[in-house]
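So the structure is just underneath, and the comments pick up after that.
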Amino acid sequence: MELRASQKIEYIPSSWYNIVPDLPEKIPPYILPDGTIVRKEMLEIIFPKQLVEQEFSEERFIKIPDELIELYQQVGRPTPLIRARNLERYLGTSARIYFKYEGVLPAGSHKFNTAIAQAFFNKLEGVKRLSTETGAGQWGSALALAGALTGVKIRVFMVRASYDQKPYRRVLMETYGAEVYPSPSNITNVGRKILSENPSHPGSLGIAISEAIEDVLNSNGEAKYSLGSVLNHVLLHQTIIGLEAIRQLEELGVGIEEVKYVIGAVGGGSNYAGISYPFIRYRLSGKTETRFIAVEPRAVPSMTKGEYRYDYGDTAGLTPLLKMYTLGKDFVPPPIHAGGLRYHGLAPSLSVLVKHNIVEPVAYGQREVFEAGVLFARTQGIVPAPESAHAVKAVIDIALKYKGSEEKPVILFNLSGHGLLDLKGYEEFLNNTLPDT
Ligand SMILES: *Cc1c(COP(=O)(O)O)cnc(C)c1O
């Protein structure tokens, strides 16, 4: 029995899959506070034309340029697809558990899949610099690497609390050549104003987004803005994960109709969209009956407790309004270790799928999630990122329903990143000092 698919270069798809034309309902348009519908030209102030085209595209497949496929190869795509046989045995389940492992990418998570695509299209259009925000630093480090590989300068506004407390991802970003500023910083008006009122302000993602956007607007067209989740073009780039998985499962003799569950952790929704949308396509066309389980932290329950309505993407209210499941832009997430899941909203396309009950949300508390992460490390060897451990917890719960069963359903999940820079959370769990939020 093969436990691991090969990583043949041909498994990298030649096109991304765009779910937009296949959704059961159109995504409501992005709007401005006065109700005006956002047009392409408006977004072109902060994003390059080709990414804006992708954002609004109704084409089912969008070609990945050959040079970009080469960049994907260089850093380790296709990523491994592995059967978690040790975990299955430990649980005594008859389910077959497979995972796609994105933690092999050099910055440690799936975020590089869109970072490199964004840097590539910006470079093509002559953009010299990208400005972005980062919380704990996963997104910033992925974009920093993408900048190094394409020759685009990267400027990152990193939430000050993380900048001070989590130096390693900052060092990683700087190693890749990015400029990193603690946010609030003294290089933007927004930052200076906040610092003048409170010089030791801990910062927030909302403030960091405001700084990055101000930086772009003041750059005389030299810089553009880059976002790591939520928007259609970001989710589109991530579909490379699911498209590879379909081919790799096929190599192992597993057809898409055998896949009973596709599971992933959800912050803004990009890694989960990445693994699930290519499978949701077949469910929407009636070819399969796969169930799609999206996992969120109980402390940030945008899918299970949020409202489906228009809301801003950022705390400051600088972005257009998107219709999505949201806890409200002013929601202050508790300081859980899964920093990548601390976002108030949910990608608009994924929101449509949740609304139509095609994607089923579940929420878990921090301790049970780390317990699942530890079990995965002790059976499969990989220490999951705290974000990814949410998916592992859901996988275990479902697999346990098939203890001593005759059925052998396939459970596929996305292990979106490794947790080697998040060992603090594991330390707290092991020492019994982790708050159970
Ligand atoms: C950022 C991050 C997430 C959450 O973001 P999505 O856009 O929902 O994918 C999940 N896992 C890891 C490892 C991350 O870095």
*In percent, how large is the relative contact order of the stretch 259-350, given Cα pairs closer than 8 Å and 6 or more residues apart?*
29
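Which whole-number value in Å³ per residue fits the convex hull of the alpha carbons of the stretch 1-94?
207
Let me spell out the model: positive unit charges on the Cβ of Lys and Arg, negative unit charges on the Cβ of Asp and Glu, origin at the Cα centre of the chain. What dipole size does that give, in debye rounded to 20?
The dipole magnitude comes to about 460 debye.
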*asked:* Set the bar at 24 Å for Cα to Cα. Now go through Lys305/Lys355; Lys100/Lys329; Lys40/Lys123; Lys393/Lys424; Lys63/Lys100; Lys111/Lys224 and name every pair that lies beyond it.
replied: Lys100/Lys329
*Per 5 Å bin, what is the whole-percent P(r) computed from every C-alpha pair distance within the stretch 186-277?*
3, 12, 15, 14, 12, 11, 9, 8, 7, 5, 4, 2, 0
*In order through the stretch 421-436: 3J(HN,Hα) via Karplus (6.51 cos²θ - 1.76 cosθ + 1.60), integer Hz, x for Gly, Pro*: 9, 10, 5, 4, x, 5, 4, 4, 4, 5, 8, 6, 10, 7, x, 8
*What does the convex hull of the Cα atoms come to per residue for the stretch 326-365, in Å³?*
79
*Could you state the per residue volume, in Å³, of the convex hull enclosing the Cα atoms of the stretch 104-174?*
69
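Note the direction-averaged projected area, equal to a quarter of the hull surface, for the Cα convex hull of the stretch 253-308, in nm².
That works out to 4.5 nm², a quarter of the Cα hull's surface.
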_If I model the stretch 287-346 as equal point scatterers sitting on the Cα atoms and use the Debye formula, what is log10 I(q)/I(0) at q = 0.23 Å⁻¹?_
-0.91
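Note down, for the stretch 328-437, the three equivalent ellipsoid semi-axes (square root of 5 times each alpha carbon gyration tensor eigenvalue), biggest first, whole angstrom. Show your work: numbers first, answer last.
On the way: eigenvalues 105, 102, 28 Å².
Taking √(5λ) for each Cα gyration eigenvalue gives 23, 23, 12 Å.
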*Using only the Cα atoms of the stretch 243-337, what do you get for the radius of gyration and for Dmax, in Å?*
16.4, 50
*Looking at the stretch 273-378, which GluC sites (Glu not before Pro) are in a loop (DSSP not H, G, I, E or B) and have at most 11 other Cβ atoms within 10 Å?*
Glu289
*With the Cα gyration tensor of the chain in hand, give its eigenvalues times 5 under a square root as the equivalent ellipsoid semi-axes, listed largest first in whole angstrom.*
32, 24, 21
*Glu428 to Val332: FRET efficiency via 1/(1 + (r/R0)^6), r the Cβ-Cβ distance, R0 30 Å, to the nearest 0.05?*
0.90
_Listed peptides 224-230, 52-58, 268-274 by packing density, highest first (mean Cβ within 10 Å)_ = 268-274, 224-230, 52-58
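Just so you know, all these numbers are worked out from the coordinates, no wet-lab data involved. These numbers come from a predicted model, not from an experiment. Cβ: placed from backbone, ideal geometry, glycine included. Neighbour counts: every protein chain shown.
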